[in-house]
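The values are calculated or read from the model by the stated rules, or taken from the named source; none is laboratory data. From a predicted model like this one, the values you see are computed outputs, not experimental measurements. All Cβ positions, glycine included, derive from the backbone under ideal geometry; neighbour counts span all protein chains shown.
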Amino acid sequence: MASSERFCFDTKEYLNTFYCILDTMVREMTTANLTESISNNFIVQMIPHHQAAIQMSENLLKYSSWCPLKTIAEQIIEEQKQETADMEALLGSCSCLLNCDKELCLYDRRTCQILEIMFTDMEFARQTNSVDANFMLEMIPHHLGAISMAENALHYEVCEGLIPMLESTITSQRRGVRQMQGLLRRIGYGM
């Protein structure tokens, strides 16, 4: 961004809310109550991740009038609310499946790497005077983080009921990334 460019009021308000959402997500994901269950650990970290996606999408809808992106944001809200409810319902039973120390260590190590990349990429996403572009530049690394977290969990023994949710997360988030990358190219912010 050129130093002479100034953000309009809507962009400032949008970004201010985004950074509050991001800070809350980072805090809740990094202080989640982890146990000896990979299934539990995935769920308790993914719930605040999904809640942030919902809030980010709601934030966008206050400012955007672009129908294709509003449709994506509304879809994110609907899918993430359903997946959050599904994970909350599974949490008790899935937390009973414990993993060995070696698996936990490997899973946690990779999860920490994924979170660090996602948090950094979201925090330092390119800022523009377009709320629409900002949202996509922030949401793409958010989605990529969810994909990587789900793929990581699938390498280990997890609760049977969680497997379809992990696979669904990968499929839906990949679709969302492709859609947003296409929209970014349309408005001149190719990725």
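Give me the pairs, please: first residue somewhere in the stretch 68-95 and under 25 Å from residue 136 (Cα atoms), second residue anywhere and of a type in the set (Phe, Trp, Tyr) and buried (at least 16 other Cβ atoms within 10 Å of the Cβ), beta-carbon distance under 8 Å, and either six or more positions apart or on two chains.
These pairs meet every condition: 69/135; 73/135.
Quick one: how many residues across the stretch 46-95 are in contact with a His (Cβ under 9 Å, 6 or more places away or on another chain) and surrounded by fewer than 14 Cβ atoms within 10 Å (Cβ to Cβ)?
Matching residues across the stretch 46-95 total 0.
What helices (runs of 4 or more DSSP H), lying completely within the stretch 91-191, carry at least 2 residues that are in contact with a Lys or Arg (Cβ under 7 Å, 6 or more places away or on another chain)? Walk me through it before giving the result.
Working: elements: 101-123, 131-153, 163-186.
Ranges flagged: 131-153.
Scan the stretch 1-27 and report the pairs whose first residue is within 13 Å of residue 130 (Cβ to Cβ) and whose second residue is modelled with pLDDT of 95 or more and of a type in the set (Lys, Arg), with Cβ atoms within less than 9 Å and a gap of 6+ or a chain change.
10/62; 14/62
For residues that are buried (at least 18 other Cβ atoms within 10 Å of the Cβ) and either polar (S, T, N, Q) or free of Cβ contacts under 8 Å to residues at least 24 places away in the same chain (or both), tally how many sit in the stretch 96-127.
3
Inspect the stretch 34-50 for any residue being in a helix (DSSP H, G or I) and farther than 30 Å from residue 158 by Cα and give the result as yes or no.
no
Return the residues of the stretch 128-137 that are touching a Phe, Trp or Tyr at 6+ places or on another chain (Cβ under 6 Å) and buried (at least 22 other Cβ atoms within 10 Å of the Cβ); say none if nothing qualifies.
The answer is 131, 132.
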